[in-house]
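A short write-up of the structure that comes next.
The values are calculated or read from the model by the stated rules, or taken from the named source; none is laboratory data. Bear in mind the structure is a predicted one, so any value in this text is a computation, not a measurement. Heads up, the Cβs are rebuilt from the backbone with ideal geometry, glycines too, and the neighbour counts pull from every protein chain shown. The protein model used for the area step is the full one, side chains on, heavy atoms only, and it has no ligands, DNA or RNA in it. Shrake-Rupley method; radii C 1.70, N 1.55, O 1.52, S 1.80 Å.
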Amino acid sequence: MRQENQIDMKQPNKTLTKGEMQVMNILWQLDKPSEIREIIELYDEPKPAYTTVATFLKILFNKKFVNFTRGQGKLHLYYALITKEAYTRRVMDDVKDSFFDGSVSSLINFFVRDKQISEAELQELLSMVRPQ
């Protein structure tokens, strides 16, 4: 059972670094308790060292983003405690609140003005908010 509500994104240590995000993306992709070697297999080349991934998992465990169960012998099987969607929602809410005074329209306006959103993407957004 996932424990998404236990992570308080307002705490500074509750965001992910690039390396931590790589591990989480792989755990989300695997979608099952997985050993470190399975995680490493899904990295692009050059693959990180076993100890590097183990360190990231320890950090993610301490941040309460992952947990583990015991596999055979001393093997640990790691799994995510938060879904990718829940993490993305929390990060985007933080961006919206921190940079756009909580305004979704200001956030979208930023991307439109900065031309980081195409006409097709804008039309797709409009179709999402228009009543059917």
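For segment 51-94, a residue qualifies if it is more than 13 Å from VAL23 (Cβ to Cβ) and touching a Pro at 6+ places or on another chain (Cβ under 6 Å), and the qualifying residues are THR69, LEU77. Condition first: more than 14 Å from MET24 (Cα to Cα) and of a type in the set (D, E, K, R). Can you find one or more residues in segment 74-87 that meet it? Yes, segment 74-87 contains a residue that is more than 14 Å from MET24 (Cα to Cα) and of a type in the set (D, E, K, R).
Looking at (1) under 22 Å from ASP94 (Cβ atoms); (2) modelled with pLDDT of 95 or more; (3) open to solvent by 70 Å² or more (accessible area, probe 1.4 Å); (4) not hydrophobic (A, V, I, L, M, F, W, C), can you tell me which one ASN13 breaks? Going through the list (1) under 22 Å from ASP94 (Cβ atoms); (2) modelled with pLDDT of 95 or more; (3) open to solvent by 70 Å² or more (accessible area, probe 1.4 Å); (4) not hydrophobic (A, V, I, L, M, F, W, C), ASN13 breaks only (2).
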